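The structure appears below as structure tokens.
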Amino acid sequence: MKKKLLSVLLAATMVATLATGCGEAATEETETTAPAATEEKADDAAETTASGEQTVGIAMPTQSLERWNRDGSYLKEQFESKGYAVELTYSDNKIDQQVKDIEGLIADDVDLLVVAAVDGESLSQVLADAKDANIPVISYDRLIMNTDAISYYVSFDNYTVGKLQGEFVIDQLDLKNAGDKTYNIEFTAGDPADNNAGFFFNGAYDALKEYIDAGTLVVPSGQTKFDQVATPQWDTKNAMNRMENILGSNYGDGKTKLDVALCSNDSTALGVTQAIENNYWGDVKDVIITGQDGDVANLANLVDGKQTMTVYKAVANEAVATLDLGVALLNGETPDAGLIGSAGWSFDCAYDTESYDNGTGVIPSYLLVPTVVTKDNLQKELVDTGYYTLDDNGYPQATN
Ligand code: GAL
């Protein structure tokens, strides 16, 4: 309570001094909930329920990329189920908007911030304000850079996401036994403003590098550097336009075959798939296309044989890990690897104190494990687990 009082005072002073004019977190996309009931009883240390009026501020990047809608609603559901009030904001992929949203949450005196950044480099100032107000910050899914206001990072093992994509290609083409055969591949990576994007690309590229070096995999566009293959904002149209150009310039002779389109995630895979359908002489079903997230449109493409795999990240579990970490922080604890055992999660998670340096030092990280999903295991991994149902035509629909 003392801490709470102090933060109220600090927040009030800060609002008065900075005169930010952002007393309201609400944006058009903001959802604010009334304080939830607090009847649930704690069953163990890691699952202690809220003391009463505590509020969690959740700042998500955008609703235009499908997964963040799922993250927002899972997180909200989790914290509310333990008796916390939740303020949830979406920033339309705009940096300034997200800064305003977080300023609003601080002014509203939230007790904990969970932030998935639009741009990992642009939150240092506003998070310094959060730190001054004694609000712990969890960097959610994407690492926030250059701020010591971050207490912890919760994500999936991002390098492994890319590695799984690369290894999938190695298996599909049986590259270990390729002999003299050669295959053409093009890369599409994510948003340079997202710290994850480099991890995904490096994971995939490192897995495939020996075959590129040996000449078994050929990149006709010559674009093999992250900066050349990146996609601002993970935008589907950007990815489509770039791939249409590549196909026009390098595959337009009607016989140069595209064997693999290594895409870091589903929103870019969608654009690349469209580009292949629009501007390539061959059949999209003969191209190995990778993705990540299990977006509904991509799962439909999986069913139709137009996309070959997606790396699924169970964001429902990411929300559970964030809840237990958040509760521990709200209780003034300093969680470590022990949280994994005491929380009793039904999913695998590693506590990592080496991989994620945000420029101010290594941020202790809870990293969940991603899964490869193809047409063949979609039922088992996504439907039997309850994340998706199948509609009358056999296409997956998200349950949250
Ligand atoms: C990443 C995230 C991915 C993907 C991408 C586009 O940061 O880890 O799952 O969704 O952003 O939003």
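According to the square roots a ≥ b ≥ c of the eigenvalues of the Cα gyration tensor, what is the shape class of region 183-243, taking rounded for a/c under 1.5, prolate for a/b larger than b/c otherwise, and oblate for the remainder? Mind showing how you got there, number by number?
Working: a/c = 2.91, a/b = 1.49, b/c = 1.95.
Because a/c hits 1.5 or more and a/b fails to exceed b/c, region 183-243 counts as oblate.
Need the C-alpha centroid separation for region 289-304 versus region 110-166, integer Å.
Each part reduced to its Cα centre gives a spacing of 27 Å.
Quick one: work out the % antiparallel among DSSP beta bridges in the chain, nearest 5. If you can, show how the numbers build up before the last one.
Working: 13 of 43 bridges.
So the antiparallel bridges amount to about 30 percent of the total.
Over the Cα atoms of region 159-292, what radius of gyration and what Dmax do you get, in Å?
For region 159-292, the Cα radius of gyration and maximum Cα-Cα distance read 13.5, 39 Å.
Taking the simple approach of a point 7 Å from Cα along Cα-to-Cβ for both Lys94 and Asp336, what is their distance in nm?
Placing both labels 7 Å beyond Cα along the Cβ direction yields 4.4 nm.
Compute the length gained on full extension between Thr353 and Thr389: take 0.36 nm times their separation in residues and subtract their Cα-Cα distance, giving the result in nm to one decimal.
So the chain would gain 9.2 nm between Thr353 and Thr389.
Could you work out how far the C-alpha centroid of region 347-400 sits from that of region 200-256, in angstrom?
25 Å
Determine the share of the chain's accessible area contributed by carbon and sulfur atoms, expressed in whole percent, with a 1.4 angstrom probe.
Within the chain, the accessible surface is 47 percent carbon and sulfur.
Evaluate E = 1/(1 + (r/R0)^6) for Val362 and Trp281, where r is the Cβ-Cβ distance and R0 equals 45 Å; express this FRET efficiency to the nearest 0.05.
It comes out at approximately 0.40.
Please report the base-10 log of the normalised intensity I(q)/I(0) for the chain, using a Debye sum with one equal scatterer per alpha carbon and no solvent, at each q in 0.07, 0.08, 0.11 (1/Å).
-0.34, -0.44, -0.80
Under 16 Å Cα to Cα from Lys100, which aspartates and glutamates show up? Leave out anything in the same chain fewer than 8 places away.
Those aspartates and glutamates meeting the cut-off are Glu24, Glu28, Glu29, Glu31, Glu87, Asp92, Asp108, Asp109, Asp119, Glu121, Asp129.
Between Ser124 and Gln228, what's the calculated FRET efficiency when r is the beta-carbon distance and R0 is 30 Å? Round to 0.05.
With R0 = 30 Å, the Cβ-Cβ based efficiency is 0.60.
Where does each of Ser151, Ser355 land when they are ordered by accessible area, with a 1.4 Å probe and the largest first?
Ser355, Ser151
The values are calculated or read from the model by the stated rules, or taken from the named source; none is laboratory data. Bear in mind that the values here come from a model prediction, so they are computed numbers and not experimental data. Cβ: placed from backbone, ideal geometry, glycine included. Neighbour counts: every protein chain shown. Remember, those area values only see protein heavy atoms, side chains included, never the ligands or the DNA or RNA. Shrake-Rupley method; radii C 1.70, N 1.55, O 1.52, S 1.80 Å.
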